[in-house]
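Before any comments, here is the structure.
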Amino acid sequence: MSASGRSTPSAESAPPTASVPSARSGDHPRKAAVRPGPDHLPVHPVDRAFLNMERARPDVRWDAGGIAYLSGPPPALADLRAYFGHHLRVLPLMTSRVEGGRRPRWQPDEGFDVDRHVHEAVADGPDGWDAALRTALNAPFAPGTFWGAWLVHGHDPDAYALCYRFHHACQDGAAAAMTFRAVLGEGEPSGRPVPGPGRRAAVPRRAAAAVGMAARFAAGTIAVRGHRPVARYVPTGERRLYRGRVLSDTLRTIGAARDGSAHDAHLAALAGALASWAEESEVPLPRVTAVLPVDARRPDEEQTWGNRCFALPLELPVRLAPAPSDVPSDSDAVRRLDHVTAATRKLRGAARRQTIVDLVRHMPARPTEWYMRRVLSPRVTNVMTTSMPLADRGNLGETRVTGTALLPLLVPGHLFAVALSFFGEWAEVSVVVDSGLPLGERLPELWERAVTELEQAAP
């Protein structure tokens, strides 16, 4: 997403490499040749909510994204810009902008310039990787733009990373995963769960269900008003990323053992990791509630345009009530898994997912923004958590993607944001924290340890 206006062309860095097609004469257009998108497409109420929240809090970073780690020689910046310019033809949102006041709409940006969106962060030798990555994580977008990509290299001649970040008004996780597959993937579908086509005769019942769900979740955000669920820490404004990984089949097996999913196993392990982290860091956690985004696109709906998600609060079973001494009980790890599975079971049903789709499709702008502000408030939730299937494999020219990390939205006042990406045979957890959070670097290791405990305990 971009705003009108052109900038002075930036300097091009190293000579072309073989990792992406070289930028020959005429291959590096300042205006990308793009697939036409819908003219004057209305901005969805969830997108409008994020745009308005940015206007109200310009000091807050409302962006999310992801990182692909690649094995092979990094491309030159000029070649990478040409590569992006070519692939953006199938992603019309990326070369569009928002116009309008009370009724904003998407429209193609005739002044789109790929150089203002694709940058690099160069490490000063092997020891400069962390500093270069922090630059990519925290660099502001170019004025008037709403997404950016950073080539992170210089630490190793045969390894680099590509960091992609976007304003949350542009995309949600499902749309960002579509961008990953278009630029780096093999084009396979996302594997996201979608409801079947609804029947016309069921419309009144579906409308009543959507209204009832909206009322229940709205009431839930009011019930905890004035309750701050965790002790505060002093934020620095600098984001840091920490990663862990386990085999995807491990999480699937754990979830299936208790009639759940891989994501249920992830959340149960996260609750166990938080219990250990609270003990080590001496940060009290009387209550931890996560924001759980649910993809609400219709089966035939374009994945690349804006947000179509609904944010649900889900309490994580960090603190467990003592089990009765006279009754045989499962381990704490299994009890956490059963708690999460019971809480998410309804979300996996086709009827509940259809209700969420109807709610997101028809909810008016003002109630949507009110709900988004409430559910993201640290008085209601204090952890952002999401998961996303990305692809079986990926590449950029002759280099191969070896790992991934999602960068979920880190809301001020939240403890941290955590995301699970499925890429190839790996389930990779990424934790985005403010550098002021004590022992934030311990969270991925504690999560891996909690997964191992679940694997051993779940029958």
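Listed values, structure above:
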quantity: Magnitude of the charge dipole, region 231-300, Cβ model with Lys/Arg +1 and Asp/Glu -1, debye to 20; calculated: 220
quantity: At R0 = 35 Å, FRET efficiency that the Cβ-Cβ distance of Glu315 and Arg103 yields, to 0.05; calculated: 0.40
quantity: Quarter of Cα convex hull surface for region 51-124, i.e. mean projection, nm²; calculated: 7.5
quantity: Net length gained if the chain between Arg57 and Asp124 were fully extended (0.36 nm per residue, minus Cα distance); calculated: 20.7 nm
quantity: Sites Leu439 and Arg361, calculated FRET efficiency, Cβ-Cβ separation with R0 51 Å, nearest 0.05; calculated: 0.75
quantity: Qualifying trypsin sites (Lys or Arg not before Pro) in region 56-145, DSSP loop, other Cβ atoms within 10 Å at most 11; calculated: Arg102
quantity: Within region 236-307, chymotrypsin sites (Phe, Trp or Tyr not before Pro) in DSSP loop having at most 14 other beta-carbon neighbours inside 10 Å; calculated: none
quantity: Percent of C-alpha pairs per 5 Å bin, region 238-342, short to long; calculated: 2, 10, 16, 17, 20, 16, 10, 5, 3, 1, 0, 0
quantity: Long-range amide H partners of Leu91 with built H, under 5 Å; calculated: Arg35
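We did not get these values from a lab; they are worked out from the coordinates using the rules stated. Nothing here was measured: the structure is a model prediction, and the numbers come from that model. Virtual Cβ from ideal backbone geometry, glycine too; neighbours counted across all protein chains shown.
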